[in-house]
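Beneath this line is the structure, given in structure tokens, with notes to follow.
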Amino acid sequence: MFKACLKVSYFLWNGDYYEQKEGVAMGSPLSSVVANLSMDKFEKTALSTALFKPTIWCRYVDDTFVIWRHGRENLDIFLDHLNKKHPDIQFTMEIEQNHQLAFLDVWVYRERNRLDHKVYGKATHTDRYLHKLSNDYPSQKQGIIKTFTDRARKICGPQHLTTELQYLEKAFLQKGYSHWDIKKLVTHRIGRLLRKHNIRTIYEPTTKIREYPGPIKDRRPPSQLQESTGFHAPVGAPT
């Protein structure tokens, strides 16, 4: 059963059925756990057999952050060593430019002998967050603000936090939120007060525009349609 859950994966495309031959099944809840265990075993074997080892090796899923002190030539040898361990696990490499390097959501840069960090945003990022007037749960809107502000506090160094929070405040103000919304949304406060009295708060959006019109398809039986229109469909034809 364990093998079936991990290995059996079929999909239909352009009228043909395909079977996934390599790796764990896409979409399975177990796949991410097993993939991480596999990468853990891979990196332990690779690092223990390397001639030169990195000073720091930090991995998140399949992304690694490495500090290397053995020169560029030995770094290329180390990369080649990693890529020879498994034919289906191949690493690429980015090296710091101008003492800076992006790793996931973190922008890391080097100043003398220490590393500093702040939030990294891609050049294509457009700040298109959920608008205040969108018909979504209030808790979802609050969650977006909380997620980004918490990320700023976790990632930014002390000298960068204020700048990042001001940047987020400006972005959310442009999306219709008020200063009070950004500090603390009202619905969250109401929910906290009601929880003290064992009352659970559930937020529900208002009716959407598409829910006002009735169904477009006529749901009357075919016999009633024929009587009302005078049209008689031949036997076997769709009505």
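Checked against (1) at pLDDT 85 or above; (2) in contact with a His (Cβ under 9 Å, 6 or more places away or on another chain); (3) under 30 Å from Gln159 (Cβ atoms), Asp63 meets all criteria but (2). Scanning region 27-50 for residues that are in contact with a strand residue (DSSP E or B) (Cβ under 8 Å, 6 or more places away or on another chain) and in a loop (DSSP other than H, G, I, E, B) yields nothing. Among the residues that make up region 62-83, is at least one of them among the hydrophobic types (A, V, I, L, M, F, W, C), touching an Asp or Glu at 6+ places or on another chain (Cβ under 7 Å) and surrounded by 14 or more Cβ atoms within 10 Å (Cβ to Cβ)? Checked against the condition, which is being among the hydrophobic types (A, V, I, L, M, F, W, C), touching an Asp or Glu at 6+ places or on another chain (Cβ under 7 Å) and surrounded by 14 or more Cβ atoms within 10 Å (Cβ to Cβ), region 62-83 yields no hits at all.
Checked against (1) of a type in the set (A, V, I, L, M); (2) under 22 Å from the mean Cα position of the chain (by Cα); (3) surrounded by 15 or more Cβ atoms within 10 Å (Cβ to Cβ), Leu104 passes all but a single condition, namely (3).
Conditions (1) touching a residue at least 12 places away in the same chain (Cβ under 8 Å); (2) open to solvent by less than 70 Å² (accessible area, probe 1.4 Å); (3) in a strand (DSSP E or B), marked per residue:
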{"position": "Glu94", "(1), (2), (3)": "no, no, no"}
{"position": "Leu115", "(1), (2), (3)": "no, no, yes"}
{"position": "Lys118", "(1), (2), (3)": "yes, no, yes"}
{"position": "Ala123", "(1), (2), (3)": "no, no, no"}
{"position": "Thr126", "(1), (2), (3)": "no, no, no"}
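Glu22 fulfils the conditions (1) of a type outside the set (Lys, Arg); (2) outside any loop (DSSP other than H, G, I, E, B); (3) within 23 Å of His81 (Cα to Cα) except for a single criterion, (2). Within region 88-123, the set of residues being among the aromatic types (Phe, Trp, Tyr), in contact with a Phe, Trp or Tyr (Cβ under 8 Å, 6 or more places away or on another chain) and over 14 Å from Gly157 (Cβ atoms) comprises Phe103 only.
For region 35-47, name all the residues that are touching a residue at least 12 places away in the same chain (Cβ under 8 Å) and out of contact with any helix residue (DSSP H, G or I) (no Cβ under 6 Å at 6 or more places or on another chain). Step through it out loud before you land on a result.
Taking region 35-47 first, the residues touching a residue at least 12 places away in the same chain (Cβ under 8 Å) are 35-36, 39, 42-43, 45-46.
Matches in region 35-47: Ala35, Asn36, Met39, Phe42, Glu43, Thr45.
Region 129-220 holds helices (runs of 4 or more DSSP H) entirely within its bounds, and those carrying 1 or more residues that are surrounded by 10 or more Cβ atoms within 10 Å (Cβ to Cβ), touching an Asp or Glu at 6+ places or on another chain (Cβ under 7 Å) and modelled with pLDDT of 80 or more map to 138-155, 158-174.
Candidates in region 20-57 are the residues that are open to solvent by 90 Å² or more (accessible area, probe 1.4 Å) and modelled with pLDDT under 85; of these, the one that is nearest to Arg72 (Cα to Cα) is Glu22.
The values are calculated or read from the model by the stated rules, or taken from the named source; none is laboratory data. Quick caveat, the model's predicted, so the values are computed rather than measured. A quick note on method: Cβ atoms are made from the backbone with ideal geometry, for glycine too, and the neighbour counts reach across all protein chains shown. Only protein heavy atoms, including side chains, enter the accessible area calculation; ligands, DNA and RNA are left aside. Shrake-Rupley method; radii C 1.70, N 1.55, O 1.52, S 1.80 Å.
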